[in-house]
Amino acid sequence: MKNLVYIILTGIILGWVSCKSQDSTYMEFLVPNGIVYPMPAKNPITKSGNERIEISWERGVDPKVVKARIFWNNYTDSVEVAVDPKKDVISHIIGPKNPEIAENTYSFLIHTYDSLGNVSIPVEVRGRVYGKLYERSLRNRAIKSTGFDGIDVVTLYWYGAEKTEAGVKLSYSDIDGKTQTYMVEPSETETTLTNFDIDKPLFLCTEFLPDTTAIDKFYAQNESTMIEPFIPRNTWTVTASSQLSAVFTAAHAIDGDLSTCWHTSEIAQYPHWIAFNMQRPVDVRRVSLTMRSLFPQMTLKDFMIQGSMDGVTWTDYPPSDAQYYNFKPLAEVKQTFDLQNISQMQHIRIRAITAHENTYCVIAEFEVIGVFSK
């Protein structure tokens, strides 16, 4: 008889535990006195956008939830979202219209509702809306320097990309008059563009993603720039009227290093000259001279640009408004001098006429802007 009682009691206890386990799924939505709280939004996240924001969360297991409402601005603004029972994730985009949402950082509160109007406890999630203020702060990725092969190949050397950069869109005209585009990756430090028409501008626009979850790209203002067609100097040879020593040779004027320079002999008198053989004919448009940082005033003042095809017979190319060009004593500042007309020459010479101080002529760097003759 006692065994029978134990068996009956054990069955009652097991049945009660089983029923309690089945009900536990929904106990979190029930409180005493019959008040019902629908299951709240689960694991909400935000994704920033351009005058809009996407808010999403897991639907959860409460079958009674039929809709949700997202509030912001201390409950003064809100939007209703239908909860589709067939979807595992509920998602809604606020803005840019219906309703609009201003550029700012927000605290959003999500309430869920059942068909009887019962409302869940609020769940908070923070997010940012970007817009014109953010976009106006964006700057294009900077070009550190450029290279030119003398014909139609341009190389761009980039400074490092910002963390939020998504790439740089380039647009340029090729030598056949067609528009070409190229996308520079954020990791790219060197870009080569072929068939480039050096007389047409390069357009660039940098794209940004403000964070890893952003649903919209943002763009810096479109910019255009002209590529200076500096003739490559790696094959040039150079001679000069004199040089101070093996440390100050004429070759230092084309080595790309501003810490080195060509320096005339201390006993040589003006005029001085330095001549460059570019190895093939060049349609010269401009030349540039740069002075070293040390004693910038101890160098040439008035000078003449001369050109030749054979390095023997020289032609003078004076400026349009004076007898000579004038070089200012500015340390490490590239000064550019235009030829009155584009002129073809294989040899080019700087003939220094007067000095700022002493009798020295010093040049840190000399460059030619032009294209190889066809």
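Listed values, structure above:
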read-out: Per residue, the convex hull volume that the Cα atoms of segment 135-238 enclose (Å³); value: 106
read-out: Rounded to whole Å, sorted largest first: equivalent-ellipsoid semi-axes of segment 183-264, Cα gyration tensor; value: 43, 17, 11
read-out: Three-way shape label, segment 324-372, alpha-carbon gyration tensor, a/c 1.5; value: prolate
read-out: Tensor-based shape of segment 74-184 (alpha-carbon gyration tensor, a/c under 1.5 rounded, otherwise prolate or oblate); value: prolate
read-out: Ascending count of other beta-carbon atoms within 10 Å, so fewest first, for PHE372, PHE218; value: PHE372, PHE218
read-out: Residues TYR219 and SER373, FRET efficiency given R0 of 25 Å [Cβ-Cβ distance, rounded to 0.05]; value: 0.05
read-out: Where N is the number of residues in segment 261-364, Cα Rg divided by 2.2 N^0.38 Å; value: 1.04
read-out: Virtual spin-label span in nm between ASN341 and THR76, 7 Å along Cα→Cβ; value: 7.2
read-out: J(HN,Hα) series, segment 205-222, from Karplus relation 6.51 cos²θ - 1.76 cosθ + 1.60, nearest Hz, glycine and proline x; value: 9, 8, 9, 9, 10, x, 8, 5, 9, 4, 9, 10, 8, 10, 10, 5, 5, 4
read-out: Debye log10 I(q)/I(0) at q = 0.18 Å⁻¹ for segment 32-131, Cα point scatterers; value: -0.79
read-out: The chain: C-alpha gyration tensor shape, a/c 1.5 cut-off, then a/b vs b/c; value: prolate
read-out: Rounded tilt (10° steps) of 2-27 against the dominant C-alpha axis of the chain; value: 40
read-out: C-alpha center-to-center spacing [segment 150-170, segment 78-148] in angstrom; value: 32
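Rule-based calculations on the coordinates, nothing more; no lab input. Quantities reported herein were computed from a predicted structural model and do not represent experimental measurements. Here the Cβ is made from the backbone with ideal geometry for all residues, glycine too, and neighbour counts use every protein chain on show.
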